[in-house]
């Protein structure tokens, strides 16, 4: 039997209330995430992809307990963490760290790099002495390939790529098991993106880290991930390993996403799938399958029934009525 997953998300749901009027009456709710379930194994890289506003960043922030869930559970090492009080959750936070999108706004401009990296080490009591703290700081700078003598500099003295390296070093300072990368390279230049992705992969191999990589860039996702989760309007529409998803996508939305990826070889013909209409509002999502308003294959059933996420091929899951007939028989 395989070992239990490092992270398990069960039916994660998050609705944000919209308050209006003088007394803040709740007039509607933003359905940001609707019944999302997945796992991340130790040392694995799982990517979550989708259009802006699909809820992928909300999934990551809910795992980090930056806000409470509307429904569902989050388990870390088999222990439920979404309902723990702050005093119990605090020592567990070091196991899950995050690298944010903007490397400048995520660093305190009033702290030198030394203090930024030392803060999580002190908070979690990881250094046994001042000499041990200094050794850890030097090791972190070496791991992210920054000069050790820049520990005394301020964040604004670094380039965007260097600041993101500092953000990665800060995440590593807590000695985590899982790092959530929330659009961690989207604000960087192309060449710098490649350097940061390669750095993350090297650190993962060296330290045995698991990565939850949240991105809209499919080219980067194809390079770094082992398993991919495709989200649309707060729901998972497809989940598969990287090779299967890129070679044989099952959901119509995944097919449209992949068709939009530029092909570098001009001699290779590619068919672009153009989706009509706009993404529906998460305040009033459509009935049935959320994608039916833009799907070229939608039928009457799609407008009435919510499709289940079923296994349509070995380790490939899709939430589509039209693919349900191809689903593997239940064991």
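Observations on the structure shown:
- Meets criteria (touching a helix residue (DSSP H, G or I) at 6+ places or on another chain (Cβ under 9 Å), in contact (Cβ under 8 Å) with a residue 12 or more places away in the chain and part of a helix (DSSP H, G or I)) for residue 187: no
- Odd one out for residue 179, checked against (1) under 25 Å from residue 75 (Cα atoms); (2) surrounded by fewer than 17 Cβ atoms within 10 Å (Cβ to Cβ): (2)
- Some residue of the range 183-192 being surrounded by fewer than 24 Cβ atoms within 10 Å (Cβ to Cβ) and either touching a strand residue (DSSP E or B) at 6+ places or on another chain (Cβ under 9 Å) or within 23 Å of residue 313 (Cα to Cα) (or both): yes
- Here residue 67 passes the criteria (1) modelled with pLDDT under 95; (2) over 28 Å from residue 169 (Cα atoms) except the one numbered (2).
- Considering residues of the range 75-106 that are farther than 30 Å from residue 193 by Cα and touching a residue at least 60 places away in the same chain (Cβ under 8 Å) only, the residue farthest from the chain's Cα centre (by Cα): 78
- Residue that is surrounded by 17 or more Cβ atoms within 10 Å (Cβ to Cβ), outside any helix (DSSP H, G or I), in contact with a helix residue (DSSP H, G or I) (Cβ under 8 Å, 6 or more places away or on another chain) and modelled with pLDDT under 95, where the choices are 249, 280, 296: 249
- Taken together, 133, 146, 137 contain a single residue that is crowded, with 16+ Cβ neighbours inside 10 Å, touching a helix residue (DSSP H, G or I) at 6+ places or on another chain (Cβ under 7 Å) and within 23 Å of residue 194 (Cα to Cα), which is 146.
- Restricting the range 36-57 to residues that are more than 27 Å from residue 198 (Cβ to Cβ) and surrounded by fewer than 23 Cβ atoms within 10 Å (Cβ to Cβ), the residue that is modelled with the lowest pLDDT is 53.
- Residue count for the range 190-225 satisfying the condition of being more than 13 Å from the chain's Cα centre (by Cα), in a loop (DSSP other than H, G, I, E, B) and on the phi < 0 side of the Ramachandran plot: 1.
- Candidates in the range 203-219 are the residues that are more than 23 Å from residue 59 (Cα to Cα) and touching a helix residue (DSSP H, G or I) at 6+ places or on another chain (Cβ under 9 Å); of these, the one that is surrounded by the fewest Cβ atoms within 10 Å (Cβ to Cβ) is 206.
- Residue ID - farthest from the chain's Cα centre (by Cα), chosen from residues in the range 107-127 that are under 30 Å from residue 80 (Cα atoms) and surrounded by fewer than 19 Cβ atoms within 10 Å (Cβ to Cβ): 127
- Count of residues meeting criterion [closer than 21 Å to residue 139 by Cβ and in contact with a strand residue (DSSP E or B) (Cβ under 8 Å, 6 or more places away or on another chain)] in the range 202-223: 4
The values are calculated or read from the model by the stated rules, or taken from the named source; none is laboratory data. Everything numeric here is computed off the predicted structure, so don't read it as measured data. With ideal geometry, Cβ positions are generated from the backbone for all residues, glycine too; neighbour counts draw on all protein chains shown.
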